[in-house]
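The block underneath contains the structure these notes are about, expressed in structure tokens.
Quick note: the coordinates plus some simple rules give every number you see, no bench work behind them. All of these numbers come straight from a predicted model, not from anything done at the bench. Every residue, glycine as well, gets a Cβ built from its backbone with ideal geometry; the counts of neighbours run over all protein chains shown.
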Amino acid sequence: MPGVEVNKQAPDFAIADFNGKEFRLSDYKGKSSVLIVLNRGFI
Amino acid sequence: MMQLHQDHSKFIERNTEIVVIGPDDAAKFKAYWQEHQLGFHGIPDDKHSVLKLYGQKVNLFKLGRMPAQMLVDKEGVLRYVHYGHSMADIPENAEILKLIGSL
């Protein structure tokens, strides 16, 4: 399974949030930092 | 997740968006977000497209997906990548906030 590495460009993605609104990583370029949290799932 | 919720304002002060992506469906996300009044992004990825893109580790012996955190700076560059080895292996917010402060 591929992973990502520090100091490399973050792979862009666009995906709908739970309200159906699109979240595109590159929309935040030049505006803010983004903390991506990959969750395991709710228990 | 609640740790992030408690410190959300500190991330906002540092101009940092928090986006939580998980394998659950939209209904489960919505219910969890409403129950806990979470203010950051919640993204259901039941097709595992982003989870695979970012290489979330799956541990068959520990029954499932391991948590992971990445910090992307304003230029779109990854400045921090942490793949957890267990459910409890989640970095402290203080560690990430310190890093954001150093960018």
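Things worth noting here:
- Extreme residue, farthest from B:V19 (Cα to Cα), among residues of segment A:10-20 that are at the interface with chain B (Cβ under 7 Å from one of its Cβ atoms) and touching a strand residue (DSSP E or B) at 6+ places or on another chain (Cβ under 8 Å): A:A10
- Lone unmet requirement of (1) surrounded by fewer than 19 Cβ atoms within 10 Å (Cβ to Cβ); (2) of a type in the set (K, R); (3) within 7 Å of chain A (Cβ to nearest Cβ); (4) more than 24 Å from A:K29 (Cα to Cα) for B:R65: (1)
Residue-by-condition table, conditions (1) at the interface with chain A (Cβ under 10 Å from one of its Cβ atoms); (2) in a strand (DSSP E or B); (3) surrounded by fewer than 14 Cβ atoms within 10 Å (Cβ to Cβ); (4) on the phi > 0 side of the Ramachandran plot:
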site	(1), (2), (3), (4)
B:I43	yes, yes, no, no
B:L71	yes, yes, no, no
B:K74	yes, no, no, no
B:R79	yes, yes, no, no
B:D89	no, no, yes, no
B:E95	no, no, yes, no
B:G101	no, no, yes, no
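Table: residues versus (1) within 7 Å of chain B (Cβ to nearest Cβ); (2) surrounded by 18 or more Cβ atoms within 10 Å (Cβ to Cβ).
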| position | (1), (2) |
| --- | --- |
| A:V4 | yes, yes |
| A:K8 | yes, no |
| A:E22 | no, no |
| A:S26 | yes, no |
| A:K31 | yes, no |
| A:F42 | yes, no |
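- Index of the failed condition, B:G84 passing every other in (1) facing chain A (nearest Cβ under 7 Å); (2) more than 26 Å from A:N19 (Cα to Cα): (1)
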